[in-house]
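**Q** Here it is, the structure in full.
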Amino acid sequence: MEKAKKFICGCLNADRKGIIYFGVGDSQEQGSKFQHGEIIGLNVEKMKDDIITAFQDVPDHHIKSEDRPLQKGGEQNCINIYFIPVKSTENSIDLYVIEIEVARNFLRSE
């Protein structure tokens, strides 16, 4: 959550669209045994609803719009979460890559 919150706030502050993936290897992290971009997948089948709820709370609790809380509706629709199934012949567990898309799609008050 901490990595995702920083990423989300960075995208919104920069007024840029961004996508972050969880469940994809990154050889640039210290001690990583995975190749950069290697699809690993995460076992999140039983946690999908909790993940969605947690990210719905990010705008409410961590992001403010200038001088007021974010308004329900358009301002809070800045985070989209997708669970992309990973096909694996080795695993009988359903694995997913989590894609979090951030887009500042609300109007600023001038």
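**Q** Filter region 1-57 for residues that are of a type in the set (Asp, Glu) and at pLDDT 80 or above and give the result.
**A** Glu38, Glu45, Asp49, Asp50
**Q** If you don't mind, there's one more thing I want to ask. So which residues in region 1-45 are touching a residue at least 24 places away in the same chain (Cβ under 8 Å) and over 18 Å from Val97 (Cβ atoms), if there are any at all?
**A** Of the residues in region 1-45, the ones touching a residue at least 24 places away in the same chain (Cβ under 8 Å) are 1, 4-5, 7-9, 11-12, 15-24, 39-45.
Result: Lys5, Cys9, Cys11, Leu12, Asp15, Arg16, Lys17.
**Q** Do you know which of the residues in region 6-26 that are farther than 15 Å from Ile79 by Cβ and in contact with an Asp or Glu (Cβ under 8 Å, 6 or more places away or on another chain) is surrounded by the most Cβ atoms within 10 Å (Cβ to Cβ)?
**A** Ranking the qualifying residues of region 6-26, first place goes to Val24.
**Q** Moving on. Within region 1-58, restricting attention to residues that are in contact with a His (Cβ under 9 Å, 6 or more places away or on another chain) and either in a helix (DSSP H, G or I) or of a type in the set (Ser, Thr, Tyr) (or both), which residue is farthest from Ile81 (Cα to Cα)?
**A** Among them, the one singled out is Ser27.
The values are calculated or read from the model by the stated rules, or taken from the named source; none is laboratory data. Computed from a prediction, not measured in an experiment: that's the story for all the values here. Cβ coordinates were reconstructed from backbone atoms using ideal geometry, including for glycine residues, and neighbour counts include every protein chain displayed.
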